[in-house]
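Below you'll find the structure, written out as structure tokens, and then a few comments.
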Amino acid sequence: MANYLSPLRRIAEAVSARLCYDYLCFKGPLLDESYLTHSVSDIICTFYDPNKTVIRKGYRHSALAPFAKPKGRKPEVDYVAVDLISKGIVLAVEAKWAGSSHCTAENILWDLARLKLLKDQYPAAICGLLIAGHKTTVDKVFSHDFFRDRTQHPLHRSFNKRKNFSLVKNINHQPFIDKQVKEWQAAYPGLATPSFLSTQLEESSISAHSSARFVARCWRVE
């Protein structure tokens, strides 16, 4: 049987390996979210025929753009693969660097909602959230109360069981969710935010190994 890896699992493998390798090459001070670009884009390119699909970074978020205010930066997706014939998105990835000011529980929830909106718009698309960085900082991200074990949180971290997450009537985190939804709707008037989404961790035992200095975890979002 062929050793097939899904695009999201291969992204997790590649990013984790690249970070560990470059750290050993004394590039530690250079590692940040922008440093992920080559690893992520290179791996995405291996899955698609360049004559049929184009890979883009910072691509227009087609589900949010109609609700964006006239002034200000337009909503974007970190990485996408776009079919050249249909112009539809076939893969979308949002990336977060653990330890950066952007890698917060609030922004992770927003990324999940943004990916869910794209998944609803392009049902055949593969949508994923990538969180990468030093293992200690990745662990720190999940120390937030929003990700507390045995609560209705959105991301499993140690196994690839499907996780269903409700943004309404959430018995553990509804005040936190409501606050974020209010901010989303203020930024995008008229936007119908998702009420439900599911995630599934897609990573190998290598990228999740307990002794790894750097880790990359990728969740499929539906």
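The values are calculated or read from the model by the stated rules, or taken from the named source; none is laboratory data. Note that the structure is a prediction, hence the values are computed from the model and not measured. So basically every Cβ, Gly included, is an ideal-geometry build from the backbone, and we count neighbours across all protein chains shown.
Residue pairs whose Cβ atoms lie under 6 Å apart, separated by 6 or more positions or on different chains, with the first residue in the stretch 170-198 and at pLDDT 95 or above and the second among the basic types (Lys, Arg) and surrounded by fewer than 18 Cβ atoms within 10 Å (Cβ to Cβ), are Ser198/Arg162. I'd like the residue in the stretch 91-113 that is assigned to a strand (DSSP E or B) and either of a type in the set (Ser, Thr, Tyr) or touching a Cys at 6+ places or on another chain (Cβ under 7 Å) (or both) and, out of all such residues, is surrounded by the most Cβ atoms within 10 Å (Cβ to Cβ). In this case the residue turns out to be Ala92. When Glu94, Glu13 are checked against the criterion of being among the charged types (D, E, K, R) and under 21 Å from Phe147 (Cβ atoms), a single residue qualifies: Glu94. Restricting to the stretch 35-54, what's the tally of residues that are over 17 Å from the mean Cα position of the chain (by Cα), of a type in the set (A, V, I, L, M, F, W, C) and outside any loop (DSSP other than H, G, I, E, B)? Residues in the stretch 35-54 being over 17 Å from the mean Cα position of the chain (by Cα), of a type in the set (A, V, I, L, M, F, W, C) and outside any loop (DSSP other than H, G, I, E, B): 2 in total.
Have a look at Leu19, Leu5 and point out the one that is within 23 Å of Arg217 (Cβ to Cβ) and in a loop (DSSP other than H, G, I, E, B).
Numbers: Leu19 fails: in a loop (DSSP other than H, G, I, E, B).
Criteria check complete, one pass: Leu5.
Pick out the one residue from Asp78, Asp42, Asp32, Asp49 that is buried (at least 16 other Cβ atoms within 10 Å of the Cβ) and among the charged types (D, E, K, R). Result: Asp78 is the single residue among Asp78, Asp42, Asp32, Asp49 that is buried (at least 16 other Cβ atoms within 10 Å of the Cβ) and among the charged types (D, E, K, R). Within the stretch 81-90, the residues that satisfy the criterion of being out of contact with any Cys (no Cβ under 9 Å at 6 or more places or on another chain) and either buried (at least 16 other Cβ atoms within 10 Å of the Cβ) or touching a residue at least 24 places away in the same chain (Cβ under 8 Å) (or both) are Val82, Asp83, Leu84, Ile85, Gly88, Val90. For Tyr79, state whether it is touching a strand residue (DSSP E or B) at 6+ places or on another chain (Cβ under 6 Å), outside any strand (DSSP E or B) and closer than 17 Å to Pro7 by Cα. Criteria not met by Tyr79.
Taking each residue of the stretch 99-127 that is closer than 21 Å to Ile89 by Cα and hydroxyl-bearing (Ser, Thr, Tyr) and looking for partners that are part of a loop (DSSP other than H, G, I, E, B) and modelled with pLDDT of 95 or more with beta-carbon atoms closer than 7 Å, six or more apart or interchain, yields Tyr122/Gly88.
Any residue at all in the stretch 199-222 that's touching a Leu at 6+ places or on another chain (Cβ under 8 Å), at pLDDT 95 or above, surrounded by fewer than 19 Cβ atoms within 10 Å (Cβ to Cβ) and over 30 Å from Leu24 (Cβ atoms)? Yes, the stretch 199-222 contains at least one residue that is touching a Leu at 6+ places or on another chain (Cβ under 8 Å), at pLDDT 95 or above, surrounded by fewer than 19 Cβ atoms within 10 Å (Cβ to Cβ) and over 30 Å from Leu24 (Cβ atoms).
Residues checked against (1) closer than 16 Å to Ala12 by Cβ; (2) of a type outside the set (Gly, Ala, Ser):
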site: Leu84; (1), (2): no, yes
site: Ala95; (1), (2): yes, no
site: Glu106; (1), (2): no, yes
site: Trp110; (1), (2): no, yes
site: Lys116; (1), (2): no, yes
site: Ser143; (1), (2): no, no
site: Thr151; (1), (2): no, yes
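Might you check whether a residue that is farther than 22 Å from Phe196 by Cβ, among the hydroxyl-bearing types (Ser, Thr, Tyr) and not in a strand (DSSP E or B) occurs anywhere in the stretch 83-90? Before the answer, list the steps.
Start the filter on the stretch 83-90 by keeping residues that are farther than 22 Å from Phe196 by Cβ, which leaves 83-88, 90.
Add one more test, that the residue is among the hydroxyl-bearing types (Ser, Thr, Tyr), and what stays is 86.
Okay, now just the ones that are also not in a strand (DSSP E or B), so 86.
Scanning the stretch 83-90, I find at least one residue that is farther than 22 Å from Phe196 by Cβ, among the hydroxyl-bearing types (Ser, Thr, Tyr) and not in a strand (DSSP E or B), so the answer is yes.
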